[in-house]
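The values are calculated or read from the model by the stated rules, or taken from the named source; none is laboratory data. Predicted model only: the values in this text are computed from it and were never measured. A quick note on method: Cβ atoms are made from the backbone with ideal geometry, for glycine too, and the neighbour counts reach across all protein chains shown.
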């Protein structure tokens, strides 16, 4: 189970899932013309943590998930499933 970990959403998430979510976050951030620095500040996380999320290296807490949804103006469905 080295490629899995427990995330704040109370589900087991694979590295592949985190990588896909990270791509969506980076894509949406770029669409909105938001810098990583600005998004990290808006969400209340460090720039390093945002880099790790976008790279698919880290998951996030439920609070960070909700704050990213708000900052990127997307639904939870888009965030999780890309739709």
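Residues of segment 44-62 include at least one that is surrounded by fewer than 15 Cβ atoms within 10 Å (Cβ to Cβ), more than 9 Å from the chain's Cα centre (by Cα), at pLDDT below 95 and part of a helix (DSSP H, G or I). With respect to the stated conditions, residue 39 is over 10 Å from the mean Cα position of the chain (by Cα), farther than 19 Å from residue 16 by Cβ, crowded, with 16+ Cβ neighbours inside 10 Å and at pLDDT 95 or above.
Among the residues of segment 63-79, which ones are in contact (Cβ under 8 Å) with a residue 40 or more places away in the chain and either assigned to a loop (DSSP other than H, G, I, E, B) or surrounded by fewer than 16 Cβ atoms within 10 Å (Cβ to Cβ) (or both)? Hits for segment 63-79 are 63, 73, 74, 78.
The lone criterion from (1) over 13 Å from residue 79 (Cβ atoms); (2) assigned to a loop (DSSP other than H, G, I, E, B); (3) modelled with pLDDT under 95 left unmet by residue 16 is number (2).
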